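Data first, discussion second: the structure below is written as structure tokens.
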Amino acid sequence: MRRLYPLLFVLLWSTGFIGAKYGLPFAEPLTFLSLRYALVIVLMTALALATRARWPAELRMVFHIGVTGILIHGVYLGGVFTSIHHGLPAGIASLVVGMQPLLTALGAGWLLGERVTRRQWLGLLLGFAGVAMVVSGKFGHAALTQLGAMLLPALAALFGITLGTLYQKRFCPSFDLRTGSVLQFIPTLALTAILAASTESMAIDWNPHFAFALGWLVLVLSLGAVSLLNVLIRSGNAVNVASLFYLTPPCTALMAWALFDETLGAVALVGMALAVSGVAMARRG
């Protein structure tokens, strides 16, 4: 069953862009995320209390878990949602975040002492080339003069998920997923809500589409996919975990084709094959 965790994680994580596309027309990004974080805290706290989950005994561990939450959830999701809200095509956003494995490979040797083999480097570069091919057609959807401002939140998301993965692997690789999620989302909610109140109207257009997107992102992404991410970080090295993110853009493209009738050309199909091959090579390195 554990062998299926990486595949399941990729499938669930890829739906984040779909959920954003459904929900962002009805709420500003940080307002949307604040509501999402609040609901996750309520659900996970109830689950932790009902199951008598163990809370970290050391204040230092609580601090480290909180930092990972701010980086992995606050910076990453805040950056992705903000960039899409400001008009960055989802394909370009996924390509920017898709560079994470390369940054993680660089940081893993420096911060974690992990050895990155030549096979892994080749797999990572091959995966990046595949991702670039899959989303290359998206670049024509935004003017070059506008890309700079729209790319900044996506770049922040890239560094947030990279640093968060390395930080968690280094300082808190093992913690209870129930209580740990609560401790991750509390500081993330605090910072996100402050930014939302300062920069957004915090108005929400409640309708079935928004309710579905919110429910999906809370239950499937924040509870399901994030729990799987924590399990994968705990059980594998940082490069192996990061390499999975190469599969997100191709998987998202397939979902967009099925849900929004976005066609895939021959170049995109070849790119998906390269990305899958690169991930397999990096994970077996």
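The values are calculated or read from the model by the stated rules, or taken from the named source; none is laboratory data. Quick caveat, the model's predicted, so the values are computed rather than measured. All Cβ positions, glycine included, derive from the backbone under ideal geometry; neighbour counts span all protein chains shown.
Just a few scattered comments:
- The listed residue being aliphatic (A, V, I, L, M) and within 19 Å of the chain's Cα centre (by Cα), out of Ala57, Ala46, Ala38: Ala38
- For the stretch 219-228, the set of residues classified as at pLDDT below 80 and either more than 17 Å from Gly78 (Cβ to Cβ) or surrounded by fewer than 17 Cβ atoms within 10 Å (Cβ to Cβ) (or both) consists of Ser227 only.
- Whichever residue in the stretch 75-111 is of a type in the set (A, V, I, L, M, F, W, C) and in contact with a Pro (Cβ under 7 Å, 6 or more places away or on another chain) and, among such residues, is modelled with the highest pLDDT: Phe81
- The numbered conditions (1) buried (at least 17 other Cβ atoms within 10 Å of the Cβ); (2) farther than 16 Å from Leu33 by Cβ; (3) modelled with pLDDT of 95 or more are all true for Trp206 except (1).
- Odd one out for Glu114 among (1) crowded, with 17+ Cβ neighbours inside 10 Å; (2) at pLDDT 95 or above: (2)
- In this structure, Thr51 does not qualify as touching an Asp or Glu at 6+ places or on another chain (Cβ under 9 Å) and of a type in the set (Val, Ile, Thr).
- Taken over the stretch 1-31, the residue count meeting the criterion of being of a type in the set (D, E, K, R) and touching a Ser or Thr at 6+ places or on another chain (Cβ under 8 Å) is 2.
- Checking Phe139 against (1) modelled with pLDDT under 75; (2) over 17 Å from His85 (Cα atoms), the condition it does not meet: (2)
- When the stretch 53-74 is filtered for residues that are crowded, with 24+ Cβ neighbours inside 10 Å and either at pLDDT below 90 or within 20 Å of Leu244 (Cα to Cα) (or both), the ones remaining, listed by number, are Thr68, Gly69, Ile72, His73.
- Any hit, the stretch 58-78, residues being among the small types (Gly, Ala, Ser) and out of contact with any helix residue (DSSP H, G or I) (no Cβ under 8 Å at 6 or more places or on another chain): no
- Among the conditions (1) part of a loop (DSSP other than H, G, I, E, B); (2) buried (at least 22 other Cβ atoms within 10 Å of the Cβ), Ala93 misses just one, which is (1).
- Given (1) at pLDDT 90 or above; (2) out of contact with any Leu (no Cβ under 6 Å at 6 or more places or on another chain); (3) farther than 29 Å from Ala273 by Cβ; (4) surrounded by fewer than 21 Cβ atoms within 10 Å (Cβ to Cβ), index of the condition Trp216 fails: (3)
- Test for Leu33: is it over 24 Å from Gly79 (Cβ atoms) and in contact (Cβ under 8 Å) with a residue 12 or more places away in the chain: no
- Selected residue (only one of Gly78, Gly23 is touching a His at 6+ places or on another chain (Cβ under 8 Å), touching a residue at least 40 places away in the same chain (Cβ under 8 Å) and surrounded by 20 or more Cβ atoms within 10 Å (Cβ to Cβ)): Gly23
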